[in-house]
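See below for the structure under consideration.
The values are calculated or read from the model by the stated rules, or taken from the named source; none is laboratory data. This is a predicted model, so every value here is computed, not measured. Heads up, the Cβs are rebuilt from the backbone with ideal geometry, glycines too, and the neighbour counts pull from every protein chain shown. Surface accessibility is based on the protein's heavy atoms, side chains included, excluding ligands, DNA and RNA. Shrake-Rupley method; radii C 1.70, N 1.55, O 1.52, S 1.80 Å.
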Amino acid sequence: MSMAAAKRPKVKHPFFARIYPRINAFAEAHGGLDHRRELLADAEGHVVEVGAGTGANFAHYPAKVEEVIAVEPEPRLRKLAMGAAAESPTSVDVREGRAEALPVPDGSADGVVASLVLCSITDVPAALAEAARVLRPGGRLYFYEHIRSTDPRFARKQRRINLVWPLLTGGCNLDRDTERAIENAGFAIEHARHFDFLVNGRTTPSSPCVIGVARKPES
């Protein structure tokens, strides 16, 4: 962990942390549960989950996952994640920390999970560098994110809304090219599925999504 990373301010989003459980419950009722299961289906071994939020993924880790270290910086969400960890069939250790400075040793993880979190991280290159650091050679990054639309017209709408969106949603950004950022961090994307997350049959500014897996090079 660098000194610069260690000095980063603590994350607190009290308003968003209060409303997020309801937002997540709504999303899961409209397909989010299936997305989480798809994301985690091939995870195995020792896993680090970045920005675990309320712990909504914990119930969906397959039996081949031996342990999850779940890192969450926001105090209210971390407390909820601890409750979810206590009920999880998988061994989950919830830790305070930021994606840009993970409290995990080098090369100790078989997988890193980033689920609806890379949109809200301040320094995405630093977070992805940390994911690469904690992964063993050949380890995998499992990602489920909403992203900038490939439709130029819709992408322009996202950019306009994004002027205020992060202020209301805990720093979430609508218009990030997450796959490019993952590739720029040195990962090789093995597969990615793009889709619109429809709510009552309609798109929203956060509808364009991707679920995928990227591999850390062997050397």
Quick check on the chain: of the DSSP beta bridges with both residues there, what percent are antiparallel, nearest 5%? 45
With a 1.4 Å probe and all protein chains left in place, how much accessible area per residue does the chain have, in Å²? 50
Accessible-area composition of the chain, carbon plus sulfur, in percent [1.4 Å probe]: 54
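Given 0.36 nm per residue, what is the gain on full extension from E96 to R18 after removing their alpha carbon distance, in nm?
Extra length available between E96 and R18 comes to 26.3 nm.
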Under the Karplus curve 6.51 cos²θ - 1.76 cosθ + 1.60, θ = phi - 60°, whole-Hz ³J(HN,Hα) for the range 135-144, x wherever Gly or Pro sits: 7, 6, x, x, x, 10, 9, 9, 10, 9
Using a cut-off of 9 Å between beta-carbons, work out the net charge of the residues near D175 (Lys and Arg +1, Asp and Glu -1, D175 not included). +2
Per residue of the range 196-208, what does 6.51 cos²θ - 1.76 cosθ + 1.60 with θ = phi - 60° give for ³J(HN,Hα)? Whole Hz please, x for Gly and Pro, Karplus curve as stated. 9, 7, 8, 10, 6, x, 10, 7, 10, x, 9, 5, x
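Determine, from the Cβ-Cβ distance of D177 and M82 and an R0 of 45 Å, the FRET efficiency 1/(1 + (r/R0)^6), rounded to the nearest 0.05.
Here the calculated transfer efficiency is 0.85.
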What percent do you get for the relative contact order of the range 48-146 when only Cα pairs under 8 Å and 6+ apart count? 29
DSSP beta bridge pairing in the range 106-219, given as percent antiparallel to the nearest 5: 75
